[in-house]
Amino acid sequence: MNAAAEYRLSPAEFKFVEHKLYTYRDNKRLVDEYLAQREELIHATRSREPGVPHDHHIGKPVETTVMQLLLLEQKAKKEEFWVKAIEDVYQLLPDEDKTLVELKYFEGHLSNAGVARQLNISEREFYRRRERIVWRFANRFGLV
């Protein structure tokens, strides 16, 4: 197998990985928000005065909070794997590849030509690097 074929993903796989990279910041925020709300709820539950009898009925505010937390948890848990996988791969990338990921996916969503200009590389080199980088994420995602 030649080196170029080694990094080939199907168009659907490539698009999926790019989508996860484009939505990383929002999904990271969602996971962090869930964890913070979960900690707040746990802290509020534990801070009740001991020995004071509590109603056996769950009040509407508590019920609403728990339902919101469960819905947020469900969504956060779905994204937690992808967020962690992206962070794992990102940490291992060389600095120039990190910059490409930041410019293309995390920040201003520049065009491919715009990213190439920012990195002072040709568009052809940009496409080679991008394909290799996306393949690394796909590999960590378990797609290849």
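Coordinate-derived values only; no laboratory data. Given the structure is predicted, the values throughout are model-derived calculations rather than measurements. Virtual Cβ from ideal backbone geometry, glycine too; neighbours counted across all protein chains shown.
A few points about this structure:
- Based on alpha-carbon atoms, the Kirkwood radius and the radius of gyration of segment 63-124 give Rg/Rh equal to 1.23.
- Where GluC sites (Glu not before Pro) fall in DSSP loop in segment 102-136, at most 16 other Cβ within 10 Å: E107
- Links that overshoot a 18 Å alpha carbon limit, given the list K20/K78; K78/K98; K15/K104; K20/K75; K20/K104; K28/K75: K78/K98
- A simple spin-label model places the labels of T65 and K15 4.3 nm from each other, with each point 7 Å out along Cα-to-Cβ.
- Plainly put, segment 12-141 has a radius of gyration that is 1.20 times its Kirkwood radius, both from alpha-carbon atoms, as the Rg/Rh ratio.
- Evaluating 6.51 cos²θ - 1.76 cosθ + 1.60 at θ = phi - 60° for every residue in segment 121-134, the Karplus couplings come out as 10, 6, 4, 4, 5, 4, 4, 5, 5, 4, 4, 5, 5, 4 Hz, glycine and proline recorded as x.
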